[in-house]
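Asks: One structure coming up, written as structure tokens, with questions to follow.
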Amino acid sequence: MKKRVLLAFFCMVLLAGLLAGCGSKNVVVSNQDENQVKFNLTFFGNKNEPENVTVIEEIITGFMDENPDTRLSYESLKGTDYFEALEKRMAAGKGDDIFMVNHDTALSLGENGQLADLSQLNCISSYSDSMISQMEENGKILWVPTTVSAFGLYCNEELLKEYGQEIPDNLAEWEQVCQFFKEQGITPIIANNDISIKTLAIAVGFDLVYHEDRQKELFAKINKNEELLSTYLRPGFLLAKRFIDRGYVDAEKALKTEKTSDDLEEFVKGESPFMLTGGWAAGRAKNMNSKLNFTVVPYPARKDGSVLVVNADTRLSVNEGSANKEQALKFVEYFTREDSIQKFADNQSSFSPLKQGQPSSTEEIQPLVECYQSGRTVIGSDSLLELPIWEITAEAAQKLLSGETVDTIMTWMDEQQRMK
């Protein structure tokens, strides 16, 4: 019987204390013949935008076509709600067979022995050396990336041209353009309450460390509390504070701005020259306003140029306690095939993590491709770092937007490091 995949969108109250509140839930199910199905797998993820789910749906359909004895359903929640729900499900022993993790959740679930070892999958040899260095720990691989995401400065080319300004290539030029627009009564930079400030701080703080290839040595010292994370992130948060104090970023507004939703809606109006967010949203922004002429460039945050922040992203893990672990591993193997990853990376306006993979063809992010290939990059949540940096820097950014001083925030960051 031919399989037909259905996509349903609905909001529901999440019960049993596993998922508090009302969340957006997307489910992909199959109308397979019940007599054929031997394995029922569940897949939980944080990709729930329609265009993302459509590609996941295609990959699931392809897998079920090759494995008629398996039914696979996909459920998703957006943003921080997803990771909170994942932790609660796993703690309650109700985890899904396959799920998406980030740096921080992989740390905690891995320490608890809840992630299956993926090191024997055939796909592992296809990953680039840089990705293998992120994935492998103590001879095990507990997650595999399906994309390499990048963060960038969205530049409204039409608005810049209208005011006789150019896309900045370095920090001095960026501040000059921001000051110009501020004097015209226009707040230059749209920022959100999550990734905008923290990725800028990470870019500034660790640029030289990565350029000199000292990250392994440094992160080992930070892990042992021989070095402070705040020592390196302070300059980045000081830069963000300067942007706020000068009116380049509206802190009060940013604190209420959700990433890749509220910020995109604001940017596509065409009234602001810049936006700081993930490059993966470029295709979505273009669909929201096809007439808007924009490009996405690496952060022009260095005195002599730019730096690109990247992450091994959309990481897949398998539940060590899954009753269908072998079949779940089989699906991860399918998802990480070259054709599946290329399709997904292109949809995400991201890079492929594979040796022979090609970057997204999305026109607006091509400046990111050039920087990525040149190697001037910083990893936003490096797996060598045993601290939940993504969570710590997000909270630090919110504290900064709320008006706390950089000194106070860095003291708090030191306390978080000592507690881990």
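The values are calculated or read from the model by the stated rules, or taken from the named source; none is laboratory data. Note that the structure is predicted; figures quoted are calculated from it, not measured. Please note: Cβ atoms are built from the backbone with ideal geometry, for glycine as well, and neighbour counts cover all protein chains shown. We work out accessible area using only protein heavy atoms, side chains counted, and drop any ligands, DNA or RNA first. Shrake-Rupley method; radii C 1.70, N 1.55, O 1.52, S 1.80 Å.
Asks: Looking at segment 148-190 only, could you name the residues that are hydroxyl-bearing (Ser, Thr, Tyr) and either open to solvent by less than 50 Å² (accessible area, probe 1.4 Å) or under 30 Å from residue 101 (Cα atoms) (or both)?
Replies: The answer is 149, 154.
Asks: Please go through segment 177-191 and give me each residue that is without any contact (Cβ under 8 Å) to a residue 60 or more places away in the chain and not in a helix (DSSP H, G or I), ordered by number.
Replies: The answer is 184, 185.
Asks: When you scan segment 243-259, do you find a residue that is under 19 Å from residue 309 (Cβ atoms), of a type outside the set (Val, Ile, Thr), in a helix (DSSP H, G or I) and open to solvent by 10 Å² or more (accessible area, probe 1.4 Å), even just one?
Replies: no
Asks: Follow-up. Being hydrophobic (A, V, I, L, M, F, W, C), open to solvent by less than 10 Å² (accessible area, probe 1.4 Å) and more than 26 Å from residue 305 (Cβ to Cβ) narrows it down to one of 124, 132, 195, 141, so name that one. It would help to see each step written out before you state the result.
Replies: Details: 124 fails: open to solvent by less than 10 Å² (accessible area, probe 1.4 Å); 132 fails: open to solvent by less than 10 Å² (accessible area, probe 1.4 Å); 195 fails: more than 26 Å from residue 305 (Cβ to Cβ).
Among 124, 132, 195, 141, only 141 is hydrophobic (A, V, I, L, M, F, W, C), open to solvent by less than 10 Å² (accessible area, probe 1.4 Å) and more than 26 Å from residue 305 (Cβ to Cβ).
Asks: Take residue 230 and tell me if it is farther than 25 Å from residue 170 by Cβ, open to solvent by less than 10 Å² (accessible area, probe 1.4 Å) and out of contact with any strand residue (DSSP E or B) (no Cβ under 9 Å at 6 or more places or on another chain).
Replies: Answer is yes for this residue.
Asks: Identify the residue in segment 261-291 that is among the hydroxyl-bearing types (Ser, Thr, Tyr) and either under 11 Å from residue 155 (Cα atoms) or open to solvent by less than 10 Å² (accessible area, probe 1.4 Å) (or both) and, among all such residues, is nearest to the chain's Cα centre (by Cα).
Replies: Once the filter is applied, the top-ranked residue is 277.
Asks: Does residue 104 satisfy the condition of being among the charged types (D, E, K, R), touching a residue at least 40 places away in the same chain (Cβ under 8 Å) and open to solvent by less than 30 Å² (accessible area, probe 1.4 Å)?
Replies: Numbers: among the charged types (D, E, K, R): yes; touching a residue at least 40 places away in the same chain (Cβ under 8 Å): yes; open to solvent by less than 30 Å² (accessible area, probe 1.4 Å): yes.
So residue 104 fits the description; yes.
Asks: Any idea which of (1) crowded, with 17+ Cβ neighbours inside 10 Å; (2) of a type in the set (Asp, Glu); (3) not in a helix (DSSP H, G or I) is the one residue 117 doesn't satisfy?
Replies: (1) is the only condition that residue 117 fails.
Asks: Would you check which residues across segment 292-305 are at pLDDT below 95 and either on the phi > 0 side of the Ramachandran plot or under 21 Å from the mean Cα position of the chain (by Cα) (or both) and list them?
Replies: Listed by number, the list holds a single entry, 305.
Asks: Further, regarding this structure: Considering segment 64-95 alone, what residues qualify as being surrounded by 20 or more Cβ atoms within 10 Å (Cβ to Cβ) and either small (Gly, Ala, Ser) or over 21 Å from the mean Cα position of the chain (by Cα) (or both)?
Replies: Selection gives 64, 70, 71, 72, 76, 85, 90, 95.
Asks: Note down all Cβ pairs under 6 Å where the first residue falls in segment 404-417 and is more than 12 Å from residue 237 (Cα to Cα), the second is open to solvent by 40 Å² or more (accessible area, probe 1.4 Å) and not charged (D, E, K, R), and they're at least six residues apart or on different chains.
Replies: 414/228
Asks: If you don't mind, another one. Within segment 146-169, identify whether any single residue is without any contact (Cβ under 8 Å) to a residue 24 or more places away in the chain and hydrophobic (A, V, I, L, M, F, W, C), and answer yes or no.
Replies: No: segment 146-169 contains no residue that is without any contact (Cβ under 8 Å) to a residue 24 or more places away in the chain and hydrophobic (A, V, I, L, M, F, W, C).
Asks: Among the residues of segment 154-167, are any in a strand (DSSP E or B), hydrophobic (A, V, I, L, M, F, W, C) and under 22 Å from the mean Cα position of the chain (by Cα)?
Replies: At the first step, the residues of segment 154-167 found to be in a strand (DSSP E or B) are 154-156.
Subsequent filtering for residues that are hydrophobic (A, V, I, L, M, F, W, C) retains 155.
Next, only the ones that are under 22 Å from the mean Cα position of the chain (by Cα) stay: 155.
Yes, segment 154-167 has at least one match.
Asks: Out of the residues in segment 292-302 that are under 20 Å from residue 173 (Cβ atoms) and of a type outside the set (S, T, N, Q), which is surrounded by the most Cβ atoms within 10 Å (Cβ to Cβ)?
Replies: 298
Asks: Looking only at residues that are charged (D, E, K, R) and at pLDDT below 90 in segment 8-46, which one is surrounded by the fewest Cβ atoms within 10 Å (Cβ to Cβ)?
Replies: Going residue by residue through segment 8-46, those that are charged (D, E, K, R) are 25, 33-34, 38.
Now narrow it down to the ones that are at pLDDT below 90: 25, 33-34.
Details: 25: 18, 33: 11, 34: 8.
Among those that are charged (D, E, K, R) and at pLDDT below 90, it is 34.
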